[in-house]
Amino acid sequence: MTSTHSTAQVRVRGQARRTSVLPASEGTRPISAPRLIQHKKEAFWFYRFISIAYDQLLNPQQYTEAMREDALETADLNSRHLKVVDVGGGTGFTTVGIVKHVDPENVTLLDQSPHQLEKARKKEVLKGITIVEGDAEDLSFPTDTFDRYVSAGSIEYWPDPQRGIKEAYRVLRPGGVACVIGPVYPTFWLSQFFADMWMLFPKEEEYIEWFTKAGFEDVKLKRIGPKWYRGVRRFGLIIGCAVTGVKKDHGDSPLQLGPKAEDVSKPVNPITFLLRFLLGTLCAAYYVIVPIYMWMKDKIVPRGMPI
Ligand SMILES: C[S@@+](CC[C@H](N)C(=O)[O-])C[C@H]1O[C@@H](n2cnc3c(N)ncnc32)[C@H](O)[C@@H]1O
């Protein structure tokens, strides 16, 4: 798996297959990183509004078609007959990339937001795929079902990403590949502040750890990013890497987890919810400004010079 953008590639080979049990508390957020929208309920309402301008305005800033092709290369979509699931598939931007390689009737798009799915249903190119409303952390598919599991730009909203990756493992057939495309944590302090307030920006090592603990082998990470960033990663990237792993054996993941981090049936205090939602959304706006700033810098600073 090679790429012109690939400056980091991590392989975890020959890992012993063992069962590990993680406590549920592993998913809890430190006070310095409240990640106000990294909840199913907040993400639901966030996408209630974001879905209105998602395809036209917001997504193209962070995740271009070229980035999508670059990322999907790692999923090894080598046959039109592969059975593929796109989890957190939203309006179907990544699914459109998948159906270029795979027959639509073999593709399933799952998302928890009916508003995002509504947009996907309207796309002519996605006619024939199966669209399912559901939760990435609790997939409604039998064990050993798919040849490929793809999830792009969704992990950052999952209250317990390890649980979602364990589910990816479970629903794949032996020899199947999981490809999780997602954000990467910034190194610049102001970006760290807004990232931590908004949602989860995992570190590259965290992705590798989640995949490895879930039982995946041949775990690899490929860096991606908008071309006008010229490789700059200090501000963090909402789509910053594609991580892949191969499931070698039949059955469920060897990893055992405690109860879910978020119980969506539990009532929430509406004032706390509203404050968390508004503040989280406000912090997300920082990541609308950064790509515009980088785009302007790319136009102004001569080629070959650092930006
Ligand atoms: C940034 S969008 C990415 C959409 C799409 N994958 C793409 O490439 O444009 C994130 C999506 O994840 C979905 N999402 C968030 N949490 C989820 C969960 N727990 N289960 C399923 N989908 C989830 C949201 O509803 C939203 O549509």
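Net charge in the neighbourhood of residue 97 (other residues with Cβ under 13 Å of its Cβ; Lys, Arg +1, Asp, Glu -1) is -1.
Please list 209-221, 65-77 highest first by mean number of surrounding beta-carbon atoms within 10 Å per residue.
Details: 209-221: 21.6, 65-77: 19.6.
Going by the mean number of other Cβ atoms within 10 Å, highest first, we get 209-221, 65-77.
Of interest is the spacing of the C-alpha centroids, which for the stretch 153-182 and the stretch 32-94 amounts to 13 Å.
Here the contact order of the chain, divided by its residue count and restricted to Cα pairs under 8 Å and six or more residues apart, works out to 25 percent. With a Förster radius of 51 Å applied to the beta-carbon distance between residue 260 and residue 297, the computed FRET efficiency rounds to 0.75.
What dipole magnitude, in Debye to the nearest 20, does the stretch 54-160 give about its Cα centre under +1 on Lys/Arg Cβ and -1 on Asp/Glu Cβ? Don't skip to the end; give the middle numbers.
On the way: 10 positive and 20 negative charges, 102 e Å.
It comes to approximately 480 debye.
Applying a threshold of 31 Å to the alpha-carbon distances of 100/248; 213/266; 83/220; 122/220; 119/299 flags 122/220; 119/299 as lying beyond it.
Just for the stretch 99-219, what percent of DSSP beta bridges are antiparallel, to the closest 5?
Restricted to the stretch 99-219, the bridges split so that about 10 percent are antiparallel.
Would you compute, from DSSP H runs of 4+ residues alone, the mean residue ellipticity of the chain at 222 nm, taking -39500 (n - 2.57) per run and dividing by the full residue count, rounded to the nearest 500?
Details: 10 runs with 102 residues, N = 307.
It lands at -10000 deg cm²/dmol.
Looking at the chain alone, DSSP beta bridges between its own residues are antiparallel in about 40 percent of cases. Straight-line cross-link reach from residue 203 at under 16 Å between alpha-carbon atoms covers these aspartates and glutamates, not counting any fewer than eight positions away in the same chain: 26, 156, 160. Relative to the Cα centre, the charge distribution of the stretch 99-162, modelled as +1 at Lys and Arg Cβ and -1 at Asp and Glu Cβ, gives a dipole magnitude of about 480 debye.
If I require 24 Å or longer along the helix axis, counting alpha carbons, and a Kyte-Doolittle average no lower than 1.6, what helices from the chain are left? Use full DSSP H segments. Write down the numbers at each step before the final one.
On the way: long enough: none.
Correct list, ordered by number: empty.
Every read-out reported here was derived from the displayed coordinates using simple, explicitly stated rules and does not represent laboratory data. Since the structure is predicted, the reported quantities are computational estimates derived from the model, not experimental observations. Here the Cβ is made from the backbone with ideal geometry for all residues, glycine too, and neighbour counts use every protein chain on show.
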